[in-house]
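Below is one structure, written out as structure tokens; comments come after it.
The values are calculated or read from the model by the stated rules, or taken from the named source; none is laboratory data. Keep in mind that what you see is a predicted model, and the values were worked out from it rather than measured. Positions of Cβ are backbone-derived with ideal geometry, glycine not excepted, and every protein chain shown enters the neighbour counts. Protein only, heavy atoms only, side chains kept; ligands, DNA and RNA dropped before computing areas. Shrake-Rupley method; radii C 1.70, N 1.55, O 1.52, S 1.80 Å.
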Amino acid sequence: MKLTNTIVVLITTVCCANAAKKQSWPAGFGGAKTEVYKTINDVNLRIHIFNPKGKSKKPRPAAVFFFGGGWKGGTPKQFEHQCRYLASREIVAMTAEYRTRNIHNTLAEFCVRDGKSAVRWVRANARRLGVDPDRIVAGGGSAGGHVAACTGSIEGFEDESTPSSLPNAMVLFNPALVLAPIPGHKETIPETKVEELAERMGMHPSKLSPWHQLRKEAPPTLILHGKADNTVAYWTAEAFHKKMLKTGNRSVLLGFADQPHGFFNYGRKQNEMFIATMKETDRFLVSLGYLSGKDTLDSYVKAKRP
């Protein structure tokens with residue numbers, strides 16, 4: 001009887017722990033629409049859609065963001081305000097769930113697969129969503145920046161075949177872009193870090209490294225990275241940026257002095273860096289023809305203050 005009770009307690013503890021982890025993902029956001037973009041066995045992955053006000057006669061650009069958390073944790077809430085701001089600028093903006101190790105006991109390969117499925121879902125449902133299938137932006141931060149970068153740089157790791165999962169542009173916030181040593185490069189990834197990444201990837205990290213697997217024709221890319229980032233070194237962003245240019249792709253790298261990992265998040269330091277990074281995002285999207293006019297970030301943040 002004691003053994004049975006112990007087993008029951010253990011099962012209850014595990015179930016409660018899993019439930020607590022799942023509760024870190026919001027069921028929805030005020031003013032946003034939530035849909036399931038992918039089902040794997042009993043797992044429903046949701047995407048939260050922030051629509052611009054009013055109707056448009058023409059399809060709008062879309063942006064889908066992936067949260068950070070080392071491929072283990074994190075929450076779609078991280079990019080809520082990026083989405084709300086872009087929706088105010090006439091972009092259909094979305095923040096997506098993807099499988100993580102803490103909740104689903106999965107490795108990084110499946111994060112990438114889910115990221116590609118999310119982009120594909122947006123394109124497949126473009127007409128219904130009022131989205132232009134040729135103006136889809138993939139974005140994200142840290143591990144989510146890696147997921148977004150993989151949608152535009154790495155071929156394979158597809159759970160479906162059509163339509164294309166390749167985004168039309170990428171906006172990456174302190175993304176993990178170099179996951180293995182670069183031959184001949186003066187800076188390197190320590191062997192201990194490579195081993196750690198291999199354990200998180202489920203394979204040699206070079207196979208999921210955007211720098212190592214960069215396709216010949218990658219989408220135009222904006223990289224926003226803190227120069228004081230001790231989690232994802234700034235030189236890795238520089239290396240990816242240089243390879244993008246060398247292969248004939250458009251890349252814009254903006255380094256922010258003295259800024260650490262996650263510097264771009266809403267709510268930090270009176271939103272100074274949220275405003276700065278989103279101003280650059282706005283400018284980049286204007287240069288692509290996805291937006292027009294001047295950014296309204298100062299007004300947006302002011303309106304959100306209590």
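Computed values, structure above
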quantity: Selection count, the stretch 233-246, where residues are touching a residue at least 60 places away in the same chain (Cβ under 8 Å) and surrounded by fewer than 20 Cβ atoms within 10 Å (Cβ to Cβ); calculated: 1
quantity: Positions within the stretch 269-305 being closer than 20 Å to Phe65 by Cα, part of a helix (DSSP H, G or I) and of a type in the set (A, V, I, L, M, F, W, C), in sequence order; calculated: Met273, Phe274, Ile275, Ala276, Met278, Phe284, Leu285, Val286, Leu297, Val301
quantity: Residue list for the stretch 22-44, restricted to those being part of a strand (DSSP E or B) and touching a helix residue (DSSP H, G or I) at 6+ places or on another chain (Cβ under 6 Å); calculated: Tyr37, Lys38
quantity: Residue ID - surrounded by the fewest Cβ atoms within 10 Å (Cβ to Cβ), chosen from residues in the stretch 146-163 that are part of a helix (DSSP H, G or I) and β-branched (Val, Ile, Thr); calculated: Thr151
quantity: Ala32 over 16 Å from the mean Cα position of the chain (by Cα), modelled with pLDDT of 95 or more and not acidic (Asp, Glu); calculated: yes
quantity: Residue satisfying condition, being open to solvent by less than 30 Å² (accessible area, probe 1.4 Å), in a loop (DSSP other than H, G, I, E, B) and more than 22 Å from Val252 (Cα to Cα), within set Ile189, Ile182; calculated: Ile189
quantity: Residue in the stretch 199-232 that is farthest from Glu109 (Cα to Cα), counting only those that are surrounded by fewer than 19 Cβ atoms within 10 Å (Cβ to Cβ) and small (Gly, Ala, Ser); calculated: Ala228
quantity: Residue in the stretch 287-294 that is among the aromatic types (Phe, Trp, Tyr), open to solvent by less than 60 Å² (accessible area, probe 1.4 Å) and closer than 21 Å to Pro61 by Cα present; calculated: yes
quantity: Pairs where the first residue, in the stretch 47-72, is under 11 Å from Arg89 (Cα atoms) and part of a loop (DSSP other than H, G, I, E, B) and the second is modelled with pLDDT of 95 or more and open to solvent by 60 Å² or more (accessible area, probe 1.4 Å), C-beta under 6 Å, 6+ apart; calculated: Pro52/Glu90
quantity: Number of the exception - Val171 against (1) within 20 Å of Ile223 (Cα to Cα); (2) touching a Gly at 6+ places or on another chain (Cβ under 7 Å); (3) free of Cβ contacts under 8 Å to residues at least 60 places away in the same chain; calculated: (3)
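Condition check ((1) touching a Lys or Arg at 6+ places or on another chain (Cβ under 7 Å); (2) more than 15 Å from His146 (Cβ to Cβ)) across all residues:
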site: Leu197; (1), (2): no, no
site: Glu238; (1), (2): no, yes
site: Lys246; (1), (2): no, yes
site: Phe256; (1), (2): yes, yes
